[in-house]
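Written below as structure tokens is the structure these notes are about.
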Amino acid sequence: MTGFAAYGSLRHVGRAVLLALVVFPVIWVLFIASGTSFGPAIDDPKDFLITLLNGLTAAALYFVVASGFTLIFGLMRVVNMAHGAFFLLGGYIALRTQRNMVGGDVGLGLSSAQVSLAQWVVPALAGVAVVAGIGLIMQQLFLRWNQGQDLRQALITIAISIILADQMLAHYGGVAQDISWPGTFDKFVNLHVAGIQYTLTRLVILGFGLVIGGALWFWLKRTRSGMVIRAGVDDRDMVSAMGINIQLTFAIAFVVGSALAGFGGVIGGSFASLAPGVDANWLLNSLVVVIIGGMGSLGGAAIGSLLLGLTTNFAAAYLPSNYTYYSIIFTFVLLAIVLAVRPLGLYGRPA
Amino acid sequence: MSSSLSSRLSADRIAGAIFVALAVFAPLIFSEYWVATLLTQMLFLGVVAASLIFLSAYGGMVSLAQVSIYGVAGFALGNLTTNGNTKGLNLGWAEAPAIVVALIIAVIVAFVFGALASRSYGIYFLMITLVFSVIANLFFGQVTSVSGFGGISGIPIPDFLSRTAHPDRLYFVTLGVALLVYATLRYVARTPFGLTLQGIRDDPVRMSSLGYNVALHRTLAFAFAGVIAAIGGILFVWWNAQIAPSTIGLSATIDVLVIAVIGGLYRLEGAWLGALVFVVINNYAQDVDLVADRFHTLIGVVFLVIVLVSPNGLIGLWERITAGPRRALPMDITQERGSAEPTPVG
């Protein structure tokens, strides 16, 4: 009995530690924040709001990429380890297409004044289409006949990601490059809140996240093919026994999931830059988002993206200046808290 | 059936004896470059891969965090033993206490990683440990007080092992450690601890019903494998004299997975077999124009072919050859094993 009692009190201690880990950062950001460049939020609401917006826009990009990852996993139980490589490839294809379209001497890179809206949209579509095609080929050629062996499928996608990453290094080089936003997006807008001038590009990213989230929600919840996918998530065998072509559904899900990785790469390449190693970071982001949110759940991907986006941005902004480089630890702490409470993620459920 | 089994056993023993004999007499047979560079590297990479294969074969846990633990040990040793002239803490400790403390730090990290991942199974476990690995890499890349992007260089090797003292000593020490690791892992697998671990691999729900603390047991197994990986990390730092975040990046993580898969994820011997193939391909690829710069494409293709053709790796191929036609193939390790979730009914 004493053993049980001790175990119980240990649990209480654990809960208290977890609670403190959640509550303390909030108090810190709102009221203390000593040694940071901004100071506490009550003294400096403007920078707090900017950090919040940065977190939300980062979350939107995380969501675009991770929703594709979770869609593929949810339906097919395939952990696509090549998702990060797809992200990078989509970005590179768009980059090359844009430079070809704009033409002339690119030099160190294009400036947004040289780029029209079409010269961003067409490269984006090219990147998305190529990655969607490669995703489809990978699924049909390698994954389809290994269905149900999820570790083997993960190993196959790892092999593909090694090859893709090395080939991208060969073709696009090791120097960081970026896609140029069109001039229409590249400006500041006045939000009329606390006098914030905010970059339109980040708001565009937020818009993409919301539109894609809404479209996926509508597709999965309101259309016939979406319903087939959700039915497939619950019981693959039953769906195919009812005469529905589940293989076609799988292929569609893989195309859409890969396309989202590619589109994420286009946005990411415009927002930040493309270089070797970016693929690993985005695989990490997608994995963290879906582990936090719960594999295969769209709502989970949204919550996971929000938590990750806010955590990374607030950690970078509100750590004391000498310690900003410790911000990566907060990603780990976030993951640890969620795994300690819900090993399957916030919205996860047993397969 | 029994005759083919015994013939396989003896074939295994003969092959094993030949390998060990070749390893012991390697300095007489191969050039100094081969021994001091390639074979030493093969041995410590095999130690790390063996820690992964141990978890995978006996615990059903395919962990991608082994390289991060290897890195934690390496960085800890680097910070403790260096004395100025490099990044990091430069604590200037003596070797012996530094090794002990480095191992302890690595095991604590392994324990925390294991505790967090211990309630996840199959592919979830793989993903979570991969995240740990990438986070460890970013941590060392960003935290300049312990490493920073360029890493730690000029890490001293014990005088006794230095190349100037004797060119082959580090090789023999690494060989001895590798043999010891192999024997220890074999032994642990047969102890009650190892048998319980195998029970958990096969049916965690039943083991839990029998009163075993499944999560704790998996955590301890993970920490134990962490010791092995950390030993590999220390050997690596001695061999390389420096360690950088890129040494434990995603590509290194995948390299160790590739080694384990090429060898075969379900038998410990596969670790060193896979490491040998990896190191040799790496070495010869440098001389071939077509693939010299594209080593990872080559490794990716080899890896893909192995996964597609022989999921049990080279050891699986070996068993198929020595077993004769009648023997049933070993269970495909790449099939999902030990899933905790009860199979849904209906």
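The values are calculated or read from the model by the stated rules, or taken from the named source; none is laboratory data. Bear in mind the structure is a predicted one, so any value in this text is a computation, not a measurement. Note that each Cβ is placed from the backbone with ideal geometry, even for glycine, and that neighbours are counted across all protein chains shown.
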Kindly list, by first and then second residue, each pair from a residue in segment B:97-114 that is within 17 Å of B:Val48 (Cα to Cα) to a residue that is among the aromatic types (Phe, Trp, Tyr), limited to pairs with Cβ atoms under 7 Å and residues at least 6 apart or on different chains. B:Ala110/B:Phe222; B:Phe113/B:Phe132; B:Phe113/B:Phe222; B:Gly114/B:Phe222
I'm trying to understand the selection: among the residues of segment A:210-242, which are over 19 Å from A:Ser258 (Cβ atoms) and of a type in the set (Ser, Thr, Tyr)? A:Thr223, A:Ser240
Output the number of the condition that A:Gly345 fails; it satisfies all remaining conditions of (1) surrounded by 23 or more Cβ atoms within 10 Å (Cβ to Cβ); (2) away from chain B (no Cβ under 14 Å); (3) touching a helix residue (DSSP H, G or I) at 6+ places or on another chain (Cβ under 6 Å). (2)
Filter segment A:54-81 down to the residues that are in a helix (DSSP H, G or I) and more than 13 Å from the chain's Cα centre (by Cα), then identify the one that is nearest to A:Gly257 (Cα to Cα). A:Ile72
Sort out which residues of segment A:207-235 are buried (at least 17 other Cβ atoms within 10 Å of the Cβ) and under 30 Å from A:Asn313 (Cα atoms), and write them in order of number. A:Phe208, A:Gly209, A:Ile212, A:Gly213, A:Leu216
Quick one: in segment A:264-295, which of the residues that are polar (S, T, N, Q) and in a helix (DSSP H, G or I) is nearest to the other protein chains (Cβ to nearest Cβ)? A:Asn281
Can you spot a residue in segment B:286-299 that is in a helix (DSSP H, G or I), more than 9 Å from every other protein chain (Cβ to nearest Cβ) and surrounded by fewer than 24 Cβ atoms within 10 Å (Cβ to Cβ)? no
Of A:Leu200, A:Leu210, A:Leu220, the only residue that is within 22 Å of the chain's Cα centre (by Cα), within 25 Å of A:Ala302 (Cβ to Cβ) and either among the aromatic types (Phe, Trp, Tyr) or at pLDDT 95 or above (or both) is A:Leu210
Select, from A:Leu308, A:Leu334, A:Leu298, the only residue that is away from chain B (no Cβ under 14 Å) and touching a residue at least 40 places away in the same chain (Cβ under 8 Å). A:Leu298
Kindly indicate whether any position in segment A:245-260 is at pLDDT 90 or above, loosely packed, with under 15 Cβ neighbours inside 10 Å and either within 14 Å of another protein chain (Cβ to nearest Cβ) or not in a helix (DSSP H, G or I) (or both). no
What single numbered condition from (1) part of a helix (DSSP H, G or I); (2) among the hydroxyl-bearing types (Ser, Thr, Tyr); (3) in contact (Cβ under 8 Å) with a residue 60 or more places away in the chain fails to hold for A:Thr97? (3)
Exactly one condition in (1) of a type outside the set (Ser, Thr, Tyr); (2) closer than 22 Å to B:Ala23 by Cβ; (3) free of Cβ contacts under 8 Å to residues at least 12 places away in the same chain is false for B:Ile157; which is it? (3)
Confirm whether A:Ala159 is at pLDDT 90 or above, over 22 Å from the mean Cα position of the chain (by Cα) and over 20 Å from A:Leu260 (Cα atoms). no
Looking only at segment B:246-255, which residues are farther than 14 Å from B:Gly300 by Cβ and either at the interface with chain A (Cβ under 8 Å from one of its Cβ atoms) or outside any helix (DSSP H, G or I) (or both)? B:Gly249
Looking at (1) among the hydroxyl-bearing types (Ser, Thr, Tyr); (2) surrounded by 24 or more Cβ atoms within 10 Å (Cβ to Cβ); (3) more than 30 Å from A:Arg152 (Cα to Cα), find the lone condition where B:Thr144 falls short. (2)
Spans of helices (runs of 4 or more DSSP H) in segment B:13-83 with at least 1 residues within 11 Å of the chain's Cα centre (by Cα): B:40-59, B:66-81
Where in segment A:111-222 are there helices (runs of 4 or more DSSP H), lying fully within it, with 3 or more residues that are farther than 30 Å from A:Leu49 by Cα and within 14 Å of chain B (Cβ to nearest Cβ)? A:150-172
Residue check, B:Ser120 at pLDDT 85 or above, within 30 Å of A:Leu283 (Cβ to Cβ) and assigned to a loop (DSSP other than H, G, I, E, B): yes
What's the total number of residues in segment B:256-278 that are in a helix (DSSP H, G or I) and under 14 Å from B:Ile306 (Cα atoms)? 12
Is it true that some residue in segment B:256-270 is more than 26 Å from B:Ile155 (Cβ to Cβ), among the charged types (D, E, K, R) and either touching a strand residue (DSSP E or B) at 6+ places or on another chain (Cβ under 6 Å) or at the interface with chain A (Cβ under 9 Å from one of its Cβ atoms) (or both)? no
Could you tell me whether any residue of segment A:334-345 is assigned to a helix (DSSP H, G or I) and touching an Asp or Glu at 6+ places or on another chain (Cβ under 7 Å)? no
Any residue that is within 11 Å of chain B (Cβ to nearest Cβ) and out of contact with any Ser or Thr (no Cβ under 8 Å at 6 or more places or on another chain) - is there at least one of those in segment A:77-98? yes
The condition of being assigned to a helix (DSSP H, G or I) and surrounded by fewer than 15 Cβ atoms within 10 Å (Cβ to Cβ) holds, among B:Gly176, B:Gly194, B:Gly199, B:Gly211, only for B:Gly176
